[in-house]
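Note sheet for the following structure.
The values are calculated or read from the model by the stated rules, or taken from the named source; none is laboratory data. Quick caveat: nothing in here was measured; it's all calculated off a predicted structure. Cβ placement follows ideal geometry from the backbone for every residue including glycine, while neighbour counts extend to all protein chains displayed. When the accessible area is computed, the model is the full protein with side chains, heavy atoms only, and any ligands, DNA or RNA have been set aside. Shrake-Rupley method; radii C 1.70, N 1.55, O 1.52, S 1.80 Å.
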Amino acid sequence: MSWSLSSAHTDFPAFAPAWDALNRRLFNAHPLLDSAFIAPLVELYGPDTLRLARETVDGQLRSAALIRPLAPGAWRVFALGPIQMTPALMAPEADWDALLRSLPGMALLLNVNLQDPQYSHLAPCPPVRRAFDHACTIGIALEGDFDRYWQGRSRHLRQNLGRYQRRLREDGMAVEWRQYAEPEAIVAAVDRYSVLESAGWKGRNGTALHPDNLQGEFFRRVMQRFAHRASARVWELWIDGQLAASRLAIGTPDMLVMLKTTYDEQLARYAPGMLLLRQVIEEEFTAARHRRIEFYTNATPAQHAWATDSRWIRHFEVYRNRLSASVIDGVRLSRAHPRALLGGTAAVAALAAFSALLN
């Protein structure tokens with residue numbers, strides 16, 4: 001049994017088929033762990049220090065992950081801000097202690113963030129492993145028919161949607177629903193999505209997709225790769241010939257993952273994003289292409305109203321040993337109360353030396 005480390009930029013392209021086979025074996029080919037999603041992440045966002053970690057047992061691949069140094073003595077599984085999952089394919093029996101020992105230098109800590117409990121075998125084992133709730137995501141089980149699902153939503157949600165639909169009719173607005181799945185059509189739809197999102201509050205905050213920015217290119221590549229497998233979709237709502245809302249998704253028979261959604265803020269009186277979501281859910285109940293819809297978001301109360309279930313995405317800290325956990329706890333405490341902890345300049349200087357491991 002051994003772990004090996006190599007450059008992700010150099011080795012991941014050739015390793016992708018083995019990565020996908022492991023994803024199928026461990027997590028039923030989770031879309032956010034698919035190489036069609038991970039490869040653009042590495043290509044566009046991966047730092048030069050990104051490493052592909054592979055665990056083999058008797059010559060057979062058992063676990064794999066993309067990790068990067070966080071600070072001297074600390075490492076982290078690679079993550080991209082808004083995406084609520086990290087590229088870690090870890091078997092239930094994965095040897096975390098051996099992974100930490102294999103990392104360059106004296107690795108005391110490995111952060112394993114954004115773990116979905118339904119697709120992760122990592123469990124807390126204090127004090128060497130610790131877990132923290134991070135984001136409450138939601139899902140919709142596509143069981144039965146849409147009418148039954150819709151009647152199970154709150155009266156408030158159903159009445160609101162009915163009011164917006166009546167408002168469209170009363171204002172004489174022409175409504176058109178569009179859906180795209182072909183690769184070329186998908187690329188054009190992603191670019192329309194990006195232009196629409198850039199025109200809203202995310203554009204003003206500098207966090208929006210745009211056809212010319214890195215985020216726009218990332219989602220263009222992801223959606224196109226999945227489209228070549230007939231596994232990507234873009235839904236659009238057009239109101240009076242104007243793009244009012246758009247939603248990007250990728251999927252497998254097991255699940256449809258909602259990646260991104262945006263709407264035209266000038267048409268907010270019609271709640272186009274909510275109208276589009278209702279239409280998408282109804283279509284997916286009818287089409288029966290997927291077992292579930294997953295949102296992978298930190299859901300608001302309004303978003304919970306659509307869900308049939310929810311669960312916490314969790315962050316984990318894996319320590320080399322008990323002493324490592326104690327040292328890092330002391331460093332954290334020293335940062336907050338350096339003199340109150342032990343008192344005196346000598347104690348502060350000693351803790352400062354330990355602190356250098358994480359700075």
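Quick one: what pairs do we get from region 85-111, first residue within 19 Å of residue 61 (Cβ to Cβ), second of a type in the set (S, T, N, Q), C-beta under 7 Å, 6+ apart or different chains?
That search, which allows pairs on different chains as well, returns 86/113; 89/23; 89/63; 90/63; 91/63; 94/63.
Considering region 204-222 alone, what residues qualify as being open to solvent by 30 Å² or more (accessible area, probe 1.4 Å) and either closer than 22 Å to residue 45 by Cβ or not in a helix (DSSP H, G or I) (or both)?
Scanning region 204-222 gives 205, 206, 207, 210, 211, 212, 213, 214, 215, 217, 220, 221.
Yes/no per residue for (1) part of a helix (DSSP H, G or I); (2) out of contact with any strand residue (DSSP E or B) (no Cβ under 9 Å at 6 or more places or on another chain); (3) on the phi > 0 side of the Ramachandran plot:
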residue	(1), (2), (3)
36	yes, no, no
40	yes, yes, no
43	yes, yes, no
49	no, no, no
54	no, no, no
66	no, no, no
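Given 230, 249, which one is open to solvent by less than 10 Å² (accessible area, probe 1.4 Å), of a type in the set (Gly, Ala, Ser) and not in a helix (DSSP H, G or I)?
249
What residue, of 148, 225, 169, is at pLDDT 95 or above, closer than 30 Å to residue 42 by Cα, open to solvent by 60 Å² or more (accessible area, probe 1.4 Å) and charged (D, E, K, R)?
After applying the criteria, what remains is 225.
Condition first: of a type in the set (Phe, Trp, Tyr) and either open to solvent by less than 10 Å² (accessible area, probe 1.4 Å) or under 22 Å from residue 186 (Cβ atoms) (or both). Can you find one or more residues in region 276-289 that meet it?
Within region 276-289 (the criterion being of a type in the set (Phe, Trp, Tyr) and either open to solvent by less than 10 Å² (accessible area, probe 1.4 Å) or under 22 Å from residue 186 (Cβ atoms) (or both)), the answer is no, since none of the residues qualifies.
Going by the conditions given, is residue 304 farther than 30 Å from residue 122 by Cα, open to solvent by 40 Å² or more (accessible area, probe 1.4 Å) and either under 31 Å from the mean Cα position of the chain (by Cα) or modelled with pLDDT under 85 (or both)?
Answer is no for this residue.
Taking region 174-195 only, how many residues are polar (S, T, N, Q) and assigned to a helix (DSSP H, G or I)?
Result for region 174-195: 1.
Return the pair list, or none, for Cβ contacts closer than 7 Å from residues in region 182-202 that are within 13 Å of residue 265 (Cα to Cα) to residues that are outside any helix (DSSP H, G or I) and among the charged types (D, E, K, R), at least 6 apart or on different chains.
Once the first residue is within 13 Å of residue 265 (Cα to Cα) and sits in region 182-202, its partners that are outside any helix (DSSP H, G or I) and among the charged types (D, E, K, R) give 196/264.
Looking at region 115-143, which of the residues that are without any contact (Cβ under 8 Å) to a residue 40 or more places away in the chain and among the hydrophobic types (A, V, I, L, M, F, W, C) is nearest to residue 255 (Cα to Cα)?
It comes out as 123.
Among the residues that make up region 85-103, is at least one of them part of a loop (DSSP other than H, G, I, E, B) and modelled with pLDDT under 90?
No, the conditions are met nowhere in region 85-103.
Do the conditions hold for residue 51, that is, is it touching a residue at least 24 places away in the same chain (Cβ under 8 Å), out of contact with any His (no Cβ under 6 Å at 6 or more places or on another chain) and either farther than 26 Å from residue 218 by Cα or of a type in the set (Gly, Ala, Ser) (or both)?
In short, no.
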